[in-house]
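Student: Below are the structure tokens for one structure; questions will follow.
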Amino acid sequence: MATVFKRPHPLSDVSNTYCPGCTHGIIHRLAAEVIEELGIEGDTIGVAPVGCSVVAYNFFEFDVQQAAHGRAPAVATGIKRVHPDKFVFTYQGDGDLAAIGTAETVHAAARGENISIIFVNNAIYGMTGGQMAPTSLVGQVTQTTPYGRKIENQGYPIKVCEMLSTIEGAAYIERVSVDSIPNIKKTKAAIRNAFECQLDKKGFSLVEILSTCPTNWGMEPAEAMEWLRENMMKQYPLGVYCDKR
Amino acid sequence: MAEIMLAGFGGQGVLFAGKVIAKAGMEALKNVSWLPSYGPEMRGGTCNCKVIVSDGQIASPDIAEPDFLLAMNAPSLDKFEGKVRAGGTIIMDSSLIDSKRTFRKDVNIVCIPAKKIAEKIGDGRLGNMVMTGCFISRYGKIPLAKVVDCMRRSVSKAKSSLAELNIKMLKAGYAF
Amino acid sequence: MAEKFLMKGNEAVAEAAIRSGCRYFFGYPITPQTELAAYMAKNMPKRGGVFLQAESEIAAINMVYGAAGAGARAMTSSSSPGISLKQEGISYIAGADLPCVIVNMARGGPGLGSIQGSQADYFQATKGGGHGDYHMLVFAPNSVQELVDMTARAFDKADEYRMPAMILGDGMLGQMMEPVGFFEPKEPEELPKKEWATDGTGMKRKKNIINSLYLESEILERLNIERYERYAQICEREPLFEEINTEDAEIIITAYGMSARIAVSAMTALRKEGVRVGIIRPITLWPFPSEIFARRAANAKAFLCVEMSMGQMVEDVRLAVDGKRPVYFCGRTGGMTVEPDAVYEEVKRILKLKTAGGM
């Protein structure tokens, strides 16, 4: 009997702890598939953030360092400087990357640090129970914006890809989504491009992945996908923002 | 042991003069310490450093009552004159400070027109080395040859002509 | 160690670190330690190392976390306000059992404070400036030579116990020059391999994880208890101190770092007058050399703690002396230096108290 679907080796043989309908599982798998296909599992060092994916080190078979909130790009910098020939990537959410860790993100890009970042943007803080994120949409209701995000009070959502693509050190910046099968395929291709960018020593690469949080958005998973398409994609257009490969 | 305080404006080479004394002192007397003032005052304001040379252990590198004060401007002399140990020596650049002013009676005063001497030799900016040479002669425990030797060894080939000019200044101050 | 160099404390630490096999330095400019970073910037590239000026103190300490976790000897340095910023990272480094060296050339505080040397970061260094149950090794050298020797020791001990080590100097020590000799350099390749490091599995071993998160409190409690068992061994084996003239001393002055040198000046003057004064100088502040204080309390009549602060180490001295003898304090704060005369006068005052029965 032919095997048509199996667990990629870099993904650990354990159940993950994410909520039903959460897209982290898909993204973990995509990262693991690319690492397997590139044959770099033994050379990979991942960096886990603070947020829902804080325990990502439990779900991968390669070496992982868990970083303080927002500091993953700095930690990855330290690792990469020691092992410039190893593959180093961070896995971060929107609060981690675009709020508390903005400085680390921007400056890693500015240095053209030869690392890759998987940036999961679901417009909310998941692990702490659904507070406003820097990427929450105007009008979006969260625990800390019970009357909706208001420009007068909380200002505007941060467009990470647009911002980072202005930085000379950035080599590959793409925004994708995991709302549908075709987009999941495109996400995998984007992750592959970003990882290859590092292997070719081209500099800083980041893939922003629009994702859902059914639990904290208070929606059914399918409904959440619909909300992503209708609202997030308008604020955060998909596409390649920077490609210097 | 000698405790030496060097003071002047930032840019006069106060810290460098202190280093020259400390380096030669290290070879002549074994133990030295060099403690600079630092911070915004280094930019145009007054600047000083404290050097101790000793054949024994040096306890505190801070100096409360210097044996020698090398004053390269009037504000420094005003500020530190009162701190010099009774019987100590003040060497001051009389081309920059009025030598007709009144001084303490219980210290030795050496008025040397260091900047003018340096100008005559070829570079008015090297008054610090003339002052240093003058100190070496008055102190007497660090041979001038040692200072000259240190100066030659501590500069790169590219700067050897500057070292020779510095040495001329040292010698002029020593002979004063 | 034949050749002696005349070097600033800051530069000597940097050279000692490179000779200890440190090839990764991450820093951020701040007075009065900047010469250390400048020396690294100039020399690391020549010796196969990395100097990186980070975007913040926070980023710098987290780069150290990454590099240390990747198995390298790594270092950062700063002065008081910058060390406050590093506390988050230091807590994580302690929690993840990573070895590294952090240099604090302290200045007056709190807040932006002053830029002159100070010893007001004793509490922060020894009591855990970051959150959680942890310690770091704290070395407090009092000369440029000892800065060099303790930097080498800090790297070795940090590796041995898998924990952060701090060199706690002050602005004066960092800025001053003294003759200094160096040990033979160690190449990073000569150092023992760190089997726990995240340097890629090579598909030959199970994954390594560098982490300080434990969602089950029972596990975290067990790990903290194990760490404290290691700390107990350190407290037994690693305290360092210097004693001068304590055998017959009636009054023992205690001070660390630059204050200890000022205390020596005062002691010399007092001894000339026949006053029986000695000195205990802690060289490690954590572990604190408590035992020697307890021992000397049997014969000495009083202790005087001298610090460039409002009185921080004095609390540990009082704990060590345990009420057996009075412990007095003499200090200056804000970046001011204690003058030997002030120490001299304070000893005289204490002696009078004694004759009046007040001691």
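Every number here is computed from the coordinates shown, using simple stated rules; none is lab data. None of the values given here were measured: they were computed from a predicted structure. Glycine gets a Cβ as well: all are built from the backbone with ideal geometry, and neighbour counts include every protein chain shown.
Student: Rounded to the nearest 5, what % of the DSSP beta bridges within chain B are antiparallel ones?
Tutor: About 50 percent, rounded to the nearest 5.
Student: Follow-up. Listing A:TYR147, B:TYR139, C:TYR134, C:TYR256 from the residue with the fewest other Cβ atoms within 10 Å to the one with the most, what is the order?
Tutor: In order of increasing Cβ crowding within 10 Å: A:TYR147, B:TYR139, C:TYR134, C:TYR256.
Student: With chain C treated as a Gaussian network of Cα nodes joined by springs under 10 Å, which of C:ALA260, C:ALA298, C:ALA41 yields the largest mean-square fluctuation?
Tutor: Residue with maximal mean-square fluctuation among C:ALA260, C:ALA298, C:ALA41: C:ALA298.
Student: As a footprinting exposure proxy, order A:VAL176, C:VAL50 by other Cβ within 10 Å, with the fewest listed first.
Tutor: By the 10 Å Cβ count, ascending: C:VAL50, A:VAL176.
Student: Convert each backbone phi in the range A:51-58 into a coupling constant with the Karplus relation 6.51 cos²θ - 1.76 cosθ + 1.60 (shift: θ = phi - 60°), then list the ³J(HN,Hα) values in order as whole Hz, x for Gly and Pro.
Tutor: x, 4, 8, 4, 9, 3, 4, 7
Student: Taking the dipole about the Cα centre of chain B, with the C-beta of Lys and Arg at +1 and of Asp and Glu at -1, give me whichever of B:TYR38, B:PHE176, B:VAL110 is farthest to the positive side.
Tutor: Farthest towards the positive pole: B:PHE176.
Student: While we're on this one: With unit charges on the beta carbon (Lys/Arg positive, Asp/Glu negative), name the residue among A:GLN92, A:PRO73, A:PRO182 whose Cα is farthest towards the positive pole of the charge dipole of chain A.
Tutor: Of the listed residues, the answer is A:PRO73.
Student: Okay, helix-only estimate at 222 nm for chain B: each DSSP H run of n ≥ 4 adds -39500 (n - 2.57), divide by all residues, round to 500 deg cm²/dmol; what do you get?
Tutor: -12500 deg cm²/dmol
Student: Could you calculate the FRET efficiency of C:ARG271 with B:ALA145 from 1/(1 + (r/R0)^6), where r is the beta carbon distance between them and R0 is 22 Å, rounded to 0.05?
Tutor: Computed FRET efficiency for C:ARG271 and B:ALA145 comes out at 0.05.
Student: In degrees between 0 and 90, to the nearest 10, how far off the longest principal axis of chain C does helix C:257-272 point, with axes built from Cα atoms?
Tutor: Compared with the principal axis, the helix lies near 20 degrees.
Student: Of all the C-alpha pairs in the range C:241-355, what % are more than 25 Å from each other?
Tutor: The proportion of pairs with Cα distances above 25 Å equals 10 percent.
Student: Next question. Taking the dipole about the Cα centre of the range A:24-243, with the C-beta of Lys and Arg at +1 and of Asp and Glu at -1, give me whichever of A:VAL240, A:ILE35, A:GLY101 is farthest to the positive side.
Tutor: A:GLY101
Student: A:GLU162 to A:THR144: extension gain in nm, 0.36 nm per residue of separation minus the Cα-Cα distance?
Tutor: Once the chain is fully extended between A:GLU162 and A:THR144, it gains 3.9 nm.
Student: Given Cβ point charges of +1 (Lys, Arg) and -1 (Asp, Glu) and nothing else, what value in debye, to the nearest 20, does the dipole of the protein assembly as shown about its Cα centre take?
Tutor: It works out to roughly 2480 debye.
Student: Placing unit charges on C-beta atoms (Lys and Arg positive, Asp and Glu negative, everything else neutral), compute the dipole magnitude of the range C:241-355 about its Cα centre in debye, rounded to 20.
Tutor: The calculation lands at about 320 debye.
Student: Just grab the label-to-label distance for A:ARG7 and C:LYS301, each label 7 Å out from Cα along the Cβ direction, in nm (one decimal).
Tutor: 7.6 nm
Student: Right, another one. What number comes out for the charge environment of A:THR135, summing +1 per Lys or Arg and -1 per Asp or Glu over other residues with Cβ under 11 Å away?
Tutor: Cβ neighbours under 11 Å give a net charge of 0.
Student: Can you show me the helix-derived [θ] at 222 nm for chain C, built from DSSP H runs with n ≥ 4 at -39,500 (n - 2.57) apiece and divided by the number of residues, rounded to the nearest 500.
Tutor: -13000 deg cm²/dmol
Student: Could you tally the net charge around C:ALA120, taking each other residue with its Cβ under 10 Å from the Cβ of C:ALA120, Lys/Arg +1 and Asp/Glu -1?
Tutor: -2
Student: While we're on this one: Once you list every other residue whose beta carbon is under 15 Å from the beta carbon of C:MET258, what net charge do they have if Lys and Arg are +1 and Asp and Glu are -1?
Tutor: Its environment carries a net charge of -2.
Student: While we're looking at this one, here's another question. Rounded to the nearest 20 Debye, what is the dipole magnitude of chain A about its Cα centre when Lys and Arg each give +1 and Asp and Glu each give -1 at the C-beta?
Tutor: With only Lys, Arg, Asp and Glu charged at Cβ, the dipole is about 320 debye.
Student: Something else about it: Which percentage, to the nearest 5, of the DSSP beta bridges contained in the protein assembly as shown is antiparallel?
Tutor: Within the protein assembly as shown, antiparallel bridges account for around 30 percent of the total.
Student: How large is ³J(HN,Hα) for each residue in the range A:121-133, as worked out from phi by the Karplus curve 6.51 cos²θ - 1.76 cosθ + 1.60 (θ = phi - 60°), to whole Hz, x for Gly and Pro?
Tutor: Working through the residues one at a time gives 10, 10, 6, 6, 7, x, 5, 8, x, x, 9, 4, 10 Hz.
Student: Need one number for chain C: average projected area of the convex hull over its C-alpha atoms, nm².
Tutor: Mean shadow area of the hull around the Cα atoms is 19.3 nm².
Student: A follow-up question, please. If I build a Gaussian network model for chain B, linking alpha-carbon pairs within less than 10 angstrom, which residue out of B:PRO61, B:PRO113, B:PRO36 has the largest mean-square fluctuation?
Tutor: Among B:PRO61, B:PRO113, B:PRO36, the largest GNM mean-square fluctuation belongs to B:PRO61.
Student: To continue, here is another question. At 7 Å along the Cα-to-beta-carbon direction for both B:LYS159 and A:VAL14, put a label point, then send me their distance in nm to one decimal.
Tutor: 5.9 nm
Student: Here is a further query. May I ask you to sort C:CYS100, A:CYS161 by Cβ crowding, counting other Cβ atoms within 10 Å and putting the fewest first?
Tutor: By the 10 Å Cβ count, ascending: A:CYS161, C:CYS100.
Student: Mind checking the angle between helix C:144-161 and chain C's longest principal axis? C-alpha axes, 0 to 90 degrees, to the nearest 10.
Tutor: 50 degrees
Student: Scan the range C:191-251 for trypsin sites (Lys or Arg not before Pro) in coil per DSSP, keeping those whose Cβ has at most 13 other Cβ atoms within 10 Å, and list them by number.
Tutor: Hits after loop and neighbour filter: C:LYS193, C:LYS204, C:ARG205, C:LYS206.
Student: Filter the cross-link list A:LYS202/C:LYS46; A:LYS80/A:LYS201; B:LYS116/B:LYS171 down to pairs whose alpha-carbon distance in this structure exceeds 20 Å.
Tutor: Pairs exceeding 20 Å: A:LYS202/C:LYS46.
Student: Picking from C:ALA70, C:ALA152, C:ALA232, which is most flexible by a Gaussian network model of chain C using Cα springs under 10 Å?
Tutor: Maximum fluctuation in the GNM of chain C, among the listed residues, is at C:ALA232.
Student: While we're on this one: Counting only helical runs of four or more DSSP H residues, what would the 222 nm mean residue ellipticity of chain A come to if each run contributes -39,500 (n - 2.57) and the total is spread over all its residues?
Tutor: For chain A, the value works out to -8500 deg cm²/dmol.
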